[in-house]
Amino acid sequence: MYRSPDLTDEPARLAALQRLAVMDTAPEEPFENVVALVRTVLSVPIAAVSLLDADRQWFKARSGIDASQTPRDLSFCTHAIAQRDPLVVPDATKDLRFADNPFVIGDPSIRSYAGVPLRTPDGYNIGSLCAIDTQARDFSPAEIAILDKFARIVVDELELRRIAGRDQLTGVLTRRGFIQSAEHEIERFRRYDRPASLAMLDIDRFKSINDTYGHPSGDVVLRQVAMVLDTVKRPNDVLGRLGGEEFAMLMPETDQDAALAASDRFREAIASARIESLCGAQLDVTASFGVASLGPATVDAEAWLASADAPLYAAKRGGRNRCMAAGFNATA
C-alpha cells in the first residue's frame with residue numbers, strides 16, 4: 001500500500017528536487033506561459049513557479065516580480081511545502097507568520113497569497129505555484145481549483161524535462177542531463193564552497209562482449225550495470241550514461257577520498273553481479289573508474305569530466321577492474 005512520504009524529510013525532498021536538474025536553468029516557454037495564465041485568470045499582479053532548495057527560493061518562472069530568488073526563510077513557499085493542501089493567506093498583515101515579513105511591509109507589498117505545492121510523483125513538495133495580490137482578498141474554491149490544475153501542468157512539464165534527459169536503454173541520465181546536473185553542482189560549489197566529486201567508469205572489454213554474444217547481449221550488460229549502480233548509490237548521487245559503455249556518477253557532499261572509496265564499492269558490486277547473455281552464458285563483467293573532486297580550477301562540467309578521464313585511462317592501462325583518482329591513487 002502506497003504511503004505519502006514524510007513532509008519533514010528534508011534530505012529526501014532535496015534529492016527529489018535535484019533529480020529534476022532544474023535549479024538555475026534558463027527560462028522555458030511552458031513555465032512562462034503558466035505564470036502568465038495564472039495572472040490573467042486569477043487577476044493577480046504577481047505569479048511565480050517557486051522552487052526551494054536548502055536555503056533559497058528560486059523562481060523557475062515569474063511575472064510581476066523582479067527578483068530571481070529570495071532567502072528561503074522569508075518565502076511564503078516555505079510554509080506552502082510544509083502541507084499537502086494549498087496555502088491561502090487572505091491578508092498577510094493579519095497573519096502572524098507574515099505580518100513582519102519584509103516582502104509584506106516593503107516591496108512588493110504582498111497582501112494576499114495562494115500557493116499550491118508542486119508535488120513530484122513520489123510525493124515530495126519541491127516548491128509551489130503561487131498567485132500573489134497587493135490587495136487583501138479571498139481566493140474562492142474555484143480559483144484554488146484552477147491554480148491546482150495549473151500546478152499539475154507545471155509538475156508534468158518538470159517530469160517531461162526529466163524524461164527527455166533520460167537514456168532510453170538504461171533509464172539513467174543522458175550525457176546532456178548529466179552535464180546539467182554537474183553544472184548545477186559546480187554552481188553550488190562556487191556559491192557555498194561545498195565539496196563534490198564525480199567518477200567516470202568504463203565497462204572493461206565491452207567490445208568483446210558485443211563481438212562474442214551480439215549487441216543485444218551488450219544492451220543487457222548496459223542495463224544490468226546501470227541497475228547495479230542505481231541500487232548501490234546514495235539517493236542524492238546522480239548517475240548518467242555518457243555514451244557507449246561509459247557512465248558517470250556525480251557525488252555531492254563528497255571529497256575525493258570518500259568518492260574513491262564509494263567508487264570501489266561500485267566496482268565490487270558490478271564485479272559480483274550475476275549478468276547473463278541472452279543465450280544464458282554467465283558473463284564476467286567488470287568496470288574501471290576514474291575519480292576527480294571539484295575544485296576552484298574547474299571551469300565547467302566538461303572540464304570536470306576531463307579531469308576524471310585521465311585517471312580512468314590510467315586504471316584501464318593499469319590492468320582494468322580498478323579505481324584511480326586524480327593524482328593516480330588506486331584501489332583494486
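The values are calculated or read from the model by the stated rules, or taken from the named source; none is laboratory data. Note that the coordinates shown come from a computational prediction; the quantities given were computed from them, not determined experimentally. When we count neighbours, we look across all protein chains shown, and the Cβ atoms used for this are built from the backbone with ideal geometry, even at glycine. We work out accessible area using only protein heavy atoms, side chains counted, and drop any ligands, DNA or RNA first. Shrake-Rupley method; radii C 1.70, N 1.55, O 1.52, S 1.80 Å.
Structure notes:
- Computed helical MRE - 222 nm, the chain, DSSP H runs ≥ 4 contributing -39500 (n - 2.57), nearest 500: -13000 deg cm²/dmol
- Note on the chain: Lys pairs 8 or more places apart or on different chains, Cα atoms under 27 Å apart, count 4.
- Ratio of Rg to Rh for segment 41-174: 1.01 [Cα atoms; Kirkwood radius as inverse mean 1/r over pairs].
- Thr40, Thr254, ranked by accessible area, largest first (probe 1.4 Å): Thr40, Thr254
- q = 0.09 Å⁻¹: log10 I(q)/I(0) that the Debye formula gives for segment 227-328, counting C-alpha atoms only: -0.23
- Applying a DSSP loop filter and a limit of 15 other Cβ atoms within 10 Å to the chymotrypsin sites (Phe, Trp or Tyr not before Pro) in segment 2-90 leaves Tyr2.
- Surface composition of segment 197-332: carbon and sulfur make up 50 percent of the accessible area, probe 1.4 Å.
- Remark: segment 110-156 carries 39 Å² of accessible area per residue (probe radius 1.4 Å; ligands, DNA and RNA excluded).
- Remark on segment 133-180: Rg and Dmax equal 17.5, 52 Å (Cα only).
- Exposure rank, largest accessible area first [His79, His184; 1.4 Å]: His79, His184
- Restricting the calculation to Cα atoms, segment 131-258 yields a radius of gyration followed by a Dmax of 20.6, 72 Å.
- Using the Cβ-Cβ distance between Ala36 and Arg190 with R0 set to 45 Å, the FRET efficiency works out to roughly 0.90.
- Radius, Kirkwood style, for segment 89-168 when every pair of distinct Cα atoms is counted (Å): 14.2
- Among Ile153, Pro195, Gly319 the positive-end extreme of the charge dipole of the chain (Cβ point charges): Gly319
- Loop-located trypsin sites (Lys or Arg not before Pro) in segment 265-332 (DSSP state not H, G, I, E or B) with no more than 15 neighbouring Cβ atoms inside 10 Å: Arg274, Arg320.
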